[in-house]
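Notes for the one structure printed next.
The values are calculated or read from the model by the stated rules, or taken from the named source; none is laboratory data. On a predicted model such as this, the values are computed, not experimentally measured, just so you know. Don't worry about glycine lacking a Cβ; one is built from the backbone with ideal geometry, like all the others, and counts go over all protein chains shown. When the accessible area is computed, the model is the full protein with side chains, heavy atoms only, and any ligands, DNA or RNA have been set aside. Shrake-Rupley method; radii C 1.70, N 1.55, O 1.52, S 1.80 Å.
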Amino acid sequence: MALLSFNPTIALADDIAFSFGSDVTSNYLSKGFTQTDDKAALQVWAEASFGLGYVGFFASNTSFGGVKDIEYDLSFGVRPTLGDVDLDIGYAQYFYRDDKTDYGEFYIKGTYDISDRSYVGFKYYREVFFDYDTFYVEGGFSDLGWGLALSGGIGSDFGTRGLPKDAVYADIGFSKELSDNAAFDLRAHYSASEGNRLVATLSFYN
């Protein structure tokens with residue numbers, strides 16, 4: 001949903017802003033892997049930003065092999081601009097209600113606007129506890145008619161997870177703003193490890 005860049009803010013002070021929202025999705029996918037045993041998820045998020053810096057929170061139900069859990073993520077970073085490229089550099093720590101294993105990753109994301117209707121971008125993740133890397137490239141185009149935007153991308157761990165084959169994943173889909181506070185996304189996903197899926201997501205934000 002990169003083309004629908006939702007960033008609603010509420011001013012808390014002269015230089016502090018707060019944004020929040022929620023998603024209902026038919027499947028919670030992360031880098032090509034389902035986090036909910038291919039079931040639906042209810043997710044909430046919030047972010048406080050100050051200048052270039054931000055602190056974020058995300059929560060979702062999860063299920064792995066039939067074992068249900070709750071995921072809580074804390075992230076922090078900065079969003080500078082380098083030339084014409086907008087960057088997002090930060091760290092996210094993942095916590096689970098029952099699973100006490102440490103998970104966390106550094107990330108660098110970049111977006112370059114080709115025009116006011118199209119963009120290209122990348123995302124690099126470095127998982128620090130399990131020692132693997134993921135790189136994802138993406139692009140998109142807006143104003144296709146009926147308020148639709150098209151976006152998609154492809155990524156891989158390049159064998160760093162130590163799986164029998166590279167964890168290649170890809171997605172392509174359409175997004176549409178339904179109102180000033182809601183949007184819908186329908187997306188086809190490919191995963192070399194887990195197969196193909198069609199995922200629908202309804203987002204609300206304020």
(message) How large is log10 of I(q)/I(0) for region 60-155 at q = 0.15 Å⁻¹ when the intensity is taken from the Debye formula with one equal scatterer per alpha-carbon?
(response) -0.78
(message) Let's test the formula: R0 of 35 Å, r as the Cβ-Cβ distance of VAL67 and ASP180. What FRET efficiency results, to the nearest 0.05?
(response) 0.35
(message) Please compute the volume of the convex hull spanned by the alpha-carbon atoms of region 94-203 and report it per residue in Å³.
(response) 138
(message) Just to confirm a number: summing +1 for Lys and Arg and -1 for Asp and Glu over residues other than GLY153 whose beta-carbon lies under 15 angstrom from that of GLY153, what do you get?
(response) 0
(request) State the extension gain, in nm to one decimal, for the chain segment bounded by ASP113 and PHE130, taking 0.36 nm per residue of separation less the distance between their alpha-carbons. (result) 2.8 nm
(request) Would you calculate the separation in nanometres between label points at PHE76 and PHE33, each defined as 7 Å from the Cα along the Cα-to-beta-carbon direction? (result) 2.7
(message) Below 15 angstrom from the Cβ of TYR94, what's the summed charge of the other residues (Lys, Arg +1; Asp, Glu -1)?
(response) -4
(message) If DNA, RNA and ligands are ignored and the probe is 1.4 Å, what is the ranking of PHE58, PHE95 by accessible area, most exposed first?
(response) PHE95, PHE58
(request) Take the alpha-carbon positions of the chain, form their convex hull, and give its projected area averaged over all directions (one quarter of the hull surface) in nm². (result) 11.8
